[in-house]
Each structure stands twice: as structure tokens, then as C-alpha cells.
Amino acid sequence: MRYPGGTPTQPEIIAVALSKLNLTPDDVFLDIGCGSGSVSISAARLVKHVYAIDSRDEAVRATIDNIKECGITNINVIKGEAAELLDDMDADCAFVGGSKNIEQILDVVMRKVPRFAVSAVRLETAALVLEITKRNDRFKELLQIQISRGNALAGGTMLKPENAVFLIVGGSC
């Protein structure tokens with residue numbers, strides 16, 4: 001898999017986020033700030049169709065390459081500003097993986113998407129998303145997820161932590 005600049009969403013975070021969204025085979029899924037496409041690829045196995053959106057050329061190229069490498073056919077990759085594109089799109093659920101223009105993106109997502117999850121690594125982003133979703137009566141759950149991976153050390157195993165991630169789950173139902 002190719003990874004553009006930034007930290008890719010860890011597989012364990014993807015698994016929790018997708019489980020919280022209660023995906024169904026008939027769902028249309030938005031991956032906003034798709035980065036490497038790892039969330040899109042995981043969701044594509046569970047839903048009817050995925051739209052992967054990113055404004056960065058590097059991310060769009062990586063996502064397209066990774067989709068091809070995995071042989072996935074139900075993902076459309078769209079380059080552009082999500083806040084501008086979302087008004088013309090219909091979806092059942094969304095994952096927001098970046099903090100760029102988060103307020104504008106949430107404004108559209110909360111109006112148009114019944115189920116959504118936002119991942120954040122910065123406290124300020126998590127606090128902002130929490131405040132916005134609560135103010136708009138769309139907040140469902142806040143999770144702080146910490147993953148550690150086993151690494152060899154002196155003939156034994158130590159746990160090396162990954163960055164903590166906040167997952168804010170929202171929706172209307």
C-alpha cells in the first residue's frame with residue numbers, strides 16, 4: 001500500500017469506526033479525507049458503493065493505486081474540497097479522517113448523512129467536533145482509542161504505543 005504524507009488510519013481504528021457506523025450491504029459510504037484509501041477499501045467490502053474524497057493530488061494518486069492493488073471495483077475517487085462536493089452527494093454514512101475545513105464539512109455531513117464518525121488525533125479537533133455535534137443534537141458517542149503493538153526487546157516482548165485517536169460518532173438515529 002502507498003501512503004501519502006500524514007499518518008494512515010490504523011486498521012484497528014478503521015475496524016472500530018466501521019462497526020460503530022453499522023454498515024449494511026445497501027449503504028453508500030463517504031470517506032472524507034481518504035488519504036491512502038485504507039478506510040475506503042475496508043468499507044467497500046461491506047457496502048454497495050464508496051466515494052473517496054481528498055483535496056490532495058498525492059492522496060488521490062495513492063488511493064487510486066491502493067484500490068487497484070486490492071482489486072476493489074465499487075469505489076469512486078474524487079479530488080476536491082469535500083465541503084463543496086458534499087451538497088451534491090447522497091450517502092448513508094461517512095467517515096471523516098482529516099481536520100481540514102472540519103466545521104464546513106460537519107455542517108454538510110450533519111444535514112445530509114444519517115450516520116457518521118470523525119477521527120481526530122488532536123485534542124482541539126476532538127473538542128471542536130464534540131462541541132459542534134452536541135450543539136446540533138447529532139452526538140452519539142466519544143471514544144479514545146489507544147493501540148499498542150508488541151515488539152521484541154531483550155528476548156521478550158514490549159508494548160510500543162501508537163498515537164491515541166479520538167473517534168466521535170454521530171447521527172440522527
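Table for the structure above
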| quantity | calculated |
| --- | --- |
| Meets criteria (under 20 Å from Asn101 (Cα atoms) and of a type in the set (A, V, I, L, M, F, W, C)) for Cys34 | yes |
| Complete set of residues in segment 118-163 that are under 17 Å from Ile14 (Cβ atoms) and β-branched (Val, Ile, Thr) | Val118, Val121, Ile145, Ile147 |
| For Ser36: the one exception among (1) surrounded by 22 or more Cβ atoms within 10 Å (Cβ to Cβ); (2) in a loop (DSSP other than H, G, I, E, B); (3) at pLDDT 95 or above; (4) not β-branched (Val, Ile, Thr) | (3) |
| Filter result for Ile41 (touching a Cys at 6+ places or on another chain (Cβ under 9 Å) and at pLDDT 95 or above) | yes |
| Residues that are out of contact with any helix residue (DSSP H, G or I) (no Cβ under 6 Å at 6 or more places or on another chain), among the β-branched types (Val, Ile, Thr) and more than 13 Å from Leu130 (Cα to Cα), drawn from segment 97-110 | Val109 |
| Conditions (1) over 22 Å from Asp26 (Cβ atoms); (2) touching a residue at least 60 places away in the same chain (Cβ under 8 Å); (3) touching an Asp or Glu at 6+ places or on another chain (Cβ under 7 Å): number failed by Gly98 | (3) |
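The values are calculated or read from the model by the stated rules, or taken from the named source; none is laboratory data. Because the structure is a prediction, the values reported are computed rather than measured. Using ideal geometry, Cβ is built from the backbone for each residue, glycine included, and neighbour counts are taken over all protein chains shown.
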